[in-house]
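Accompanying notes for the structure given below.
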Amino acid sequence: MVTKTNITSLISQLTLRQKARLLNGVGMWQTKGYTEPYVPSIFMCDGPHGLRKQGQEQEGNINSSAYATCYPTACASASSWNVDIVRLIGESIGEEAKHEQVSIVLGPGVNIKRSPLCGRNFEYYSEDPYLAGRLANAWVNGVQSRKVGTSLKHFAVNGQEHRRMTIDTIVDERALREIYLSAFEYVVKNSQPSTIMAAYNKINGTSCTQNKYLLDTILRKEWKYKGAVVSDWGATYDIVQCIKNGMDLEMPYSYTYNTQALIDAVNCGEITEKELDHAVSNVLKLACEYKKYILSDYDTDYSALHAVAKECATECGVLVKNTDKALPLVSKEKVLFLGELAEKMRFQGAGSSHIRTQAVPSLIDALKFNNCKMIYAEGYRVDTDAVDMQLREEAIDLAKTCDKVVICCGLTDESEGEGYDRTHLLLPHNQVDLIEAVVALNKQVILVTFGGSPFIIPCVDQVKSVLCMYLAGQGVGEATQELLYGVKNPSGKLAESWPMRLEDTPCYQYYANTKRAVQLRESIFVGYRYYDTFNVPTQFCFGHGLSYTQFKYSAFNVKKNNKYNYTVSLTVKNVGKVAGKEVVQLYIANPDEAYIHAKRELKGFCKTDLLNPGEQQDIEFSLDERSFSYYDCATKCYCVAKGSYTIEIGSSLNDIRCNKTISVAGQTVVDVQDKYPSYFNKTEGVFTVSDQEFTDLVGAPLLEEKPFNKGEFTIFNCLDDMKDSFIKKTIIKRSINNELAKGYKENSAVVKMTVKSTKEIPLCSVTAMSNNEFTRNIVDAVINMANGKTVKGLACLVKKEKINDKY
Ligand code: BGC
């Protein structure tokens, strides 16, 4: 057993050098181990939707890894609103991890979707922290039930890919607590994930990896976190500050520069050995604990896991529109399927969560396998936005002969991915063109959509039905066929709002358009908290999703147990003709007082069992003090505002079926309408918050967004901060060529990510992240040259490297 005494005794046997080295990994994925005294080394790997286990030879190629099952990505699994399904995904990934002898799976991602433009939204659950927290908790419990560790990421407020490694996120305390931290808080308090991954970005001036407020005050002291804090890969900027302020393990291997920096810092008293030992102890506990569970022979049944992936995918599909019962399709009717996405399916996102799967059955494969009466034509190509006239004409001619046309459409890999954000909400031009042309023929058009984030659905008013599949993992082809033909009844609901226009998004003016700092001026008004409160119409609201059956809600009752504890109950009955599941949502509408607040917030949800026609189920929710609370910055704790609250039960945010208003005791709120008029102003237009209001809200002056100048460049700057130069262009060209040489196309997600990362990675991290291809000498040369010291820069290039890894 790993006890405190064992760990203390182990630490006492290690030299300072050994201890400092333990705080950095080996290669990309392992922790450091020793034979004398024995310290085990454990293996970690991505990621939230399956395993991306890389052998050493695969490390330089992001899409190269051992074969694994790809489960629905977080954006899809969140649409299931089913904690059991998300737990099942976690358990299955845990099974595969055991087979692969992986100790820690790097997930889940529980960041809040601030804008639909974030390129990495597919890896996150929701715009709502209550929902995100409950689902992430289920995933962590699922993986950890198999004695495999997890890494809750990216802690915290990592809401954009643009300049993700250096951007300073300016956020007010209330939004930080209520929106961006509360999902993390829920998971930490309820399931103690074995590690937390500290994010790349800064929060209010300090990098997450060296942010004492975040890592020590909040995480360890307030939430009582017991595990280890790991840096996001390459997020260790100043190792001494990181270790002093609560980070424990730097990943990946950084070629001993940081190890030496730690030793020097201990020797000169900048950090105490006790501070170092604190981190060492957390790393040792982690490694000793998880090494115990590694089995040399653990079998996995991959075909059973594929069945799990398919079952989960069917739970995730969201039927967002269905007029005239155009769906489900009937097997004897002849249906035309259009769109290359039906064949080259998009079922996962690009970047570090990429899973290398065995062959994935497409929708077309599934239709053929099930003998569905159908014709298929590509209509457009996925690797370009341009209309292919021949494919278009062929599609239109075929459409003239069929009554129903199913068009598969959505975001392509190039449109979204880790490392870069989208700039608009439109689908590729060739897809929009095809949909418009087919709709003009007056046929019954059904859209099946794929993608990791909302977009504007073309001709949404004219098409009959829309089935939104997000990125649902390797079972997506078969799941889509089953949902379209009613073999399974859709039961997903949107875990995020689908805005009408980009200009309607609350952070429209404040998203990913700066180099130094991003201001979260919309504060707590993220997602539906904004659209609902400010009466901004959406394409589809939060929580929306239809079924092939109907549900009736009855016997609604609110029982007060004590001051803040209530039991809310109701009965849900399937009153339609086919079996189905319903997601019941509980919202609390806040008192109409002059404090900053959202109109209503999600405080409970429940997915019913599969109910046969006529069958019913009793449902119960428990509310407590936190259900009615907001974070009060003056007292630094969650408080209840005195007033009338309405408990609402809905089938979606905009479809509230029962409600009851109750009077709740609490503190009298201070009227802040005059001080913060923007947060109360419901007139139409782009959401705007004045400098003064935001300065008052954050309680600090706003940083000036000025260019970076010669003379000020340090190791914490990135190439993107610097003017174009020969060396800068050469470095960028070289990274592109490296990817092209591996077979990636120029406009592929991998190359896009590589270019952005090369430009935006701070120079202190580039050696570790490039596997020492960009050595410290090259880094020193770049900095000197950017600062105008060309000769000194050139001299760096011929210096001898100082790597000393003798431990
Ligand atoms: C990502 C993490 C991931 C890590 C290791 C980072 O770039 O942000 O989510 O776990 O790489 O691949």
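The values are calculated or read from the model by the stated rules, or taken from the named source; none is laboratory data. This one's a predicted model, so the numbers in the text were calculated from it and none came from an experiment. Cβ placement follows ideal geometry from the backbone for every residue including glycine, while neighbour counts extend to all protein chains displayed. When the accessible area is computed, the model is the full protein with side chains, heavy atoms only, and any ligands, DNA or RNA have been set aside. Shrake-Rupley method; radii C 1.70, N 1.55, O 1.52, S 1.80 Å.
Output the residues belonging to the stretch 94-143 that are farther than 22 Å from G451 by Cα and within 16 Å of the ligand (Cβ to nearest atom). Don't jump to the end; show me each part of the working.
Start the filter on the stretch 94-143 by keeping residues that are farther than 22 Å from G451 by Cα, which leaves 94-106, 130, 133-134, 137-138, 140-143.
Residues satisfying the conditions are A97, E100, V102, S103, I104, V105, L106, V140, V143.
On the given criteria, is G793 at positive phi and either without any contact (Cβ under 8 Å) to a residue 60 or more places away in the chain or surrounded by fewer than 22 Cβ atoms within 10 Å (Cβ to Cβ) (or both)? Give the steps one after another, and end with the answer.
Working: at positive phi: no; either without any contact (Cβ under 8 Å) to a residue 60 or more places away in the chain or surrounded by fewer than 22 Cβ atoms within 10 Å (Cβ to Cβ) (or both): yes.
Here the answer is no, as G793 does not meet what is asked.
Given L391, L398, L411, L441, which one is more than 25 Å from V330 (Cα to Cα), open to solvent by 10 Å² or more (accessible area, probe 1.4 Å) and not β-branched (V, I, T)?
Working: L398 fails: more than 25 Å from V330 (Cα to Cα); L411 fails: open to solvent by 10 Å² or more (accessible area, probe 1.4 Å); L441 fails: more than 25 Å from V330 (Cα to Cα).
Result of the check over L391, L398, L411, L441: L391.
So that you can scan it fast, the table gives a plain yes or no per residue for (1) under 24 Å from the mean Cα position of the chain (by Cα); (2) not aliphatic (A, V, I, L, M):
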residue	(1), (2)
V320	yes, no
H354	yes, yes
Q358	no, yes
K373	no, yes
Y380	no, yes
T384	no, yes
D403	no, yes
S415	yes, yes
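Of these, A479, A495, which one is at pLDDT 95 or above and in a loop (DSSP other than H, G, I, E, B)? Give the derivation first.
Working: A479 fails: in a loop (DSSP other than H, G, I, E, B).
Just one listed residue meets the conditions, A495.
Of the residues G55, G27, G33, G50, which is within 16 Å of the ligand (Cβ to nearest atom) and either touching a Pro at 6+ places or on another chain (Cβ under 8 Å) or among the basic types (K, R) (or both)?
Numbers: G55 fails: either touching a Pro at 6+ places or on another chain (Cβ under 8 Å) or among the basic types (K, R) (or both); G33 fails: within 16 Å of the ligand (Cβ to nearest atom); G50 fails: either touching a Pro at 6+ places or on another chain (Cβ under 8 Å) or among the basic types (K, R) (or both).
None of the others qualify; the one that does is G27.
Within the stretch 266-284, does at least one residue satisfy the condition of being hydroxyl-bearing (S, T, Y) and either open to solvent by less than 10 Å² (accessible area, probe 1.4 Å) or on the phi > 0 side of the Ramachandran plot (or both)?
First pass over the stretch 266-284, keeping only residues hydroxyl-bearing (S, T, Y): 272, 281.
Next, only the ones that are either open to solvent by less than 10 Å² (accessible area, probe 1.4 Å) or on the phi > 0 side of the Ramachandran plot (or both) stay: none.
No, the stretch 266-284 contains no residue that is hydroxyl-bearing (S, T, Y) and either open to solvent by less than 10 Å² (accessible area, probe 1.4 Å) or on the phi > 0 side of the Ramachandran plot (or both).
Anything in the stretch 160-178 that is touching a Gly at 6+ places or on another chain (Cβ under 9 Å), more than 16 Å from the ligand (Cβ to nearest atom) and β-branched (V, I, T)? List them, or say none.
To start, the set of residues in the stretch 160-178 that are touching a Gly at 6+ places or on another chain (Cβ under 9 Å) comprises 160-162, 164-165, 168-170, 172-173.
From what's left, more than 16 Å from the ligand (Cβ to nearest atom): 168, 170, 172-173.
Listed by number, the list holds a single entry, I170.
With the condition kept exactly as written, say whether any residue in the stretch 99-109 is open to solvent by 10 Å² or more (accessible area, probe 1.4 Å) and among the hydroxyl-bearing types (S, T, Y).
So in the stretch 99-109, the residues open to solvent by 10 Å² or more (accessible area, probe 1.4 Å) come out as 99-101.
Narrowing the set further to residues that are among the hydroxyl-bearing types (S, T, Y) leaves none.
The answer is no, given that none of the residues of the stretch 99-109 is open to solvent by 10 Å² or more (accessible area, probe 1.4 Å) and among the hydroxyl-bearing types (S, T, Y).
Answer yes or no as to whether K368 is out of contact with any Phe, Trp or Tyr (no Cβ under 8 Å at 6 or more places or on another chain), of a type in the set (K, R) and crowded, with 17+ Cβ neighbours inside 10 Å.
Working: out of contact with any Phe, Trp or Tyr (no Cβ under 8 Å at 6 or more places or on another chain): yes; of a type in the set (K, R): yes; crowded, with 17+ Cβ neighbours inside 10 Å: no.
So K368 fails the test.
Exactly one condition in (1) in contact with a helix residue (DSSP H, G or I) (Cβ under 9 Å, 6 or more places away or on another chain); (2) modelled with pLDDT of 95 or more; (3) not hydrophobic (A, V, I, L, M, F, W, C) is false for E393; which is it?
(1)
Just a yes or no: is a residue in the stretch 146-159 open to solvent by 10 Å² or more (accessible area, probe 1.4 Å), away from the ligand (no atom under 16 Å from the Cβ) and more than 15 Å from the chain's Cα centre (by Cα)?
Taking every residue of the stretch 146-159 in turn, at least one turns out to be open to solvent by 10 Å² or more (accessible area, probe 1.4 Å), away from the ligand (no atom under 16 Å from the Cβ) and more than 15 Å from the chain's Cα centre (by Cα).
Select the helices (runs of 4 or more DSSP H) contained entirely in the stretch 198-293, then report the ones holding at least 2 residues which are under 30 Å from A512 (Cα atoms). Don't jump to the end; show me each part of the working.
On the way: elements: 239-245, 257-267, 273-291.
Once the helices (runs of 4 or more DSSP H) in the stretch 198-293 are filtered for at least 2 residues that are under 30 Å from A512 (Cα atoms), what remains is 239-245.
If the Cβ limit is 7 Å and pairs must be 6+ apart or interchain, which residue in the stretch 55-80 that is over 25 Å from Q101 (Cβ atoms) pairs with which residue that is in a loop (DSSP other than H, G, I, E, B) and among the basic types (K, R)?
Listed pairs, sorted by first residue: S79/K493.
May I ask you to say which residue of Y200, Y186, Y225 is out of contact with any Ser or Thr (no Cβ under 6 Å at 6 or more places or on another chain) and within 16 Å of the ligand (Cβ to nearest atom)? So that I can check it myself, show each step before the final result.
Working: Y186 fails: within 16 Å of the ligand (Cβ to nearest atom); Y225 fails: within 16 Å of the ligand (Cβ to nearest atom).
The match here is Y200.
For the stretch 18-47, how many residues are buried (at least 16 other Cβ atoms within 10 Å of the Cβ) and either of a type in the set (D, E, K, R) or modelled with pLDDT under 95 (or both)? Steps first, please.
Going residue by residue through the stretch 18-47, those that are buried (at least 16 other Cβ atoms within 10 Å of the Cβ) are 18-26, 28-32, 34, 39-40, 42-47.
Filter again for either of a type in the set (D, E, K, R) or modelled with pLDDT under 95 (or both), leaving 19, 21, 32, 46-47.
Within the stretch 18-47, residues that are buried (at least 16 other Cβ atoms within 10 Å of the Cβ) and either of a type in the set (D, E, K, R) or modelled with pLDDT under 95 (or both) number 5.
So, of the residues in the stretch 372-383 that are at pLDDT 95 or above and either acidic (D, E) or open to solvent by 50 Å² or more (accessible area, probe 1.4 Å) (or both), which turns out to be nearest to N747 (Cα to Cα)?
R381
Among the listed residues K745, K723, which satisfies the condition of being under 24 Å from R516 (Cα atoms), open to solvent by 50 Å² or more (accessible area, probe 1.4 Å) and either modelled with pLDDT of 90 or more or of a type outside the set (K, R) (or both)?
Details: K745 fails: under 24 Å from R516 (Cα atoms).
The conditions single out K723.
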